[in-house]
Every structure is written in structure tokens, then in C-alpha cells.
1. Under a 10 Å cutoff between Cα atoms, tell me which one of Pro189, Pro212, Pro197 has the largest fluctuation in the Gaussian network model of the chain.
2. Kyte-Doolittle cut-off 0.5, length cut-off 20 Å along the helix's own axis using Cα: show which whole DSSP H helices in the chain pass.
3. Please sort 45-52, 106-113, 134-141 by packing, taking for each peptide the average over its residues of neighbouring beta carbons within 10 angstrom, highest first.
4. For region 107-243, state what percent of all Cα-Cα pairs lands in each successive 5 Å bin, counting from 0 Å until the bin that includes the largest distance.
5. Output needed for the chain: three equivalent-ellipsoid semi-axes, defined as square roots of 5 times the C-alpha gyration tensor eigenvalues, in descending order, whole Å.
6. Rounded to two decimal places and with Rh computed the Kirkwood way over Cα pairs, what is Rg over Rh for region 32-140?
7. For Glu71, Glu90, write out the residues from largest to smallest accessible area, computed with a 1.4 angstrom probe and no ligands counted.
8. Please compute the Kirkwood hydrodynamic radius of region 127-198 from all pairs of different C-alpha atoms, in Å with one decimal.
Amino acid sequence: MAEPAQTPEYAVPALDKALDVLELLAERGGGLSQLDIATAIDRSPGQIFRVLATLERRGYLLRDRRSGLYELSLRLFDLAHRQEPLHALETAGLPVMRALTESVRQSCNLSVLDAERVRVVAQVESPADFGFRVRVGALFEIGPTATGLVLAAFDPRGAELADRRGVDPALLERIREAGHLVRADAVQPSITDVVVPVLRGDGTALAALTVPYVATSLSASGADDVLAAARAAASEIAADLVL
């Protein structure tokens, strides 16, 4: 019996170079010269000249006219936020999140699963003089983060994600039973992550609402009150989305 034909691999060198440039600038941050970029992606300056010119012309890169350094524009961010599910989530979520921060005097953020990692898609800072913020667009692993565990617990692929990411399935089951997770932050133990899912009608999570709770003598609400407010906010976001 003849072996099935293999799907051919098609290389697009110019596209590969363009993606290498975008990924490099996203990782490094700040401006890089044409020579710096060429060296970092193992190309010659001449090989990437047209790629840089095209990316600049299309608005993906900005070039400082004096220094000649390139950096990413907000074009990719803008494209990502044009996606209807993400746009709808932000539209429904941000007003509720602002009301939540005013109520509990703590920051909050909204995250989704992105290729088996956690992507922060919205953030509202605390109106108080203290708080903990997370950069919009930040990407985190599932296992170490309370937000990632809640998203995995309420995802149809939860068992599969747990297996691949080394997460205890029993922990995900406990989160599902509780309907939330409250625990010390993996990176900043002085912060307590209060995380609740934003659920669709079928009980799966579209997103996770996280309050990185900072307990001080000035805190307006205790952790239990923050959890209750966060759960109400997540339900309101879900209702506004008519999931």
C-alpha cells in the first residue's frame, strides 16, 4: 500500500524575515538599529532593508528620524483588539471593572487563554494610592498563576492542559467546585490573587477576572468582600455579553 502523500512545506523567506523582526522587537523592547536587528536574527543588513522599509510603510514599525532606531508601533495591538470576541469582552468588561475598582479600591485585570498561556487583555488600576497593576498584553504560563489555573479549570481542554503543563487535575477539580480561586501570588507572595471565571452559558470560561488584592491598613475591603464583589462583577460581564 502506498504511503499517504506528505503535506509539502512552503517557505516564504520574506515573510519569515518580517516575522523574525516583529518577534525580536516585541521581545527586546526599545529601539534597535538595522545592524542590531540583522545581527540578532542572523541576517545581513542588506537582507532585511526592504523588510524594514515595508513594515515601516505599513505602519508596523516606527523609525526615529534622528537615531535611525526601529521600534514596534501599536499596529499589531490595534489589529488584535479588532477581533470581535476580544472587542466585545473589553466593551462589556471595562465599565464593570472600573466600578469594581471603585468599590473595593483595588486594581483588577481580565485575562484569556492564548495558545495555552494566559494573556492579559484589560486592566483597570486601583483608584487608591496603592495597588498592583499588570501590563495589558502580558503573557504568563498557566501552572504558576492563579488566573491560569482558573482558566484551565473551566476550559473544555482542562485535563489536557493540566497534563501538558504539569498541573494537578485534582486542583482544577477543586477550583471548579469552589467556582473561584483565592491564593497568594506566585511571584509576589504579599499579594493575594482573587480570581473568578467569566462563564459562558455552558459553564466554560471565556475569561478570568483577577483582583491582585493588596492588604494594608488602608485597605477598604477584606479579601472575602473582594471575592464577593469580583464574583458579582464577573456575572455582570457575562450577562452583558449574553453568552
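1. For the chain, modelled as a Gaussian network with Cα springs under 10 Å, the answer is Pro189.
2. 223-241
3. Ranked by mean Cβ neighbours within 10 Å, highest first: 106-113, 45-52, 134-141.
4. The distribution over region 107-243 is 2, 11, 21, 25, 21, 13, 5, 2, 0, given as percents.
5. Largest first, the chain gives 38, 25, 17 Å.
6. Working: Rg = 18.6 Å, Rh = 16.6 Å.
Reported Rg/Rh, Kirkwood definition of Rh: 1.12.
7. Sorted by accessible area, descending: Glu71, Glu90.
8. Mean inverse Cα-Cα distance, inverted, gives 13.0 Å.
The values are calculated or read from the model by the stated rules, or taken from the named source; none is laboratory data. Not measured: the values here are computed from a predicted model. Cβ atoms come from the backbone with ideal geometry, glycine included; neighbour counts cover every protein chain shown. For the accessible areas, the whole protein counts, side chains as well, though only heavy atoms, and no ligand, DNA or RNA atoms are used. Shrake-Rupley method; radii C 1.70, N 1.55, O 1.52, S 1.80 Å.
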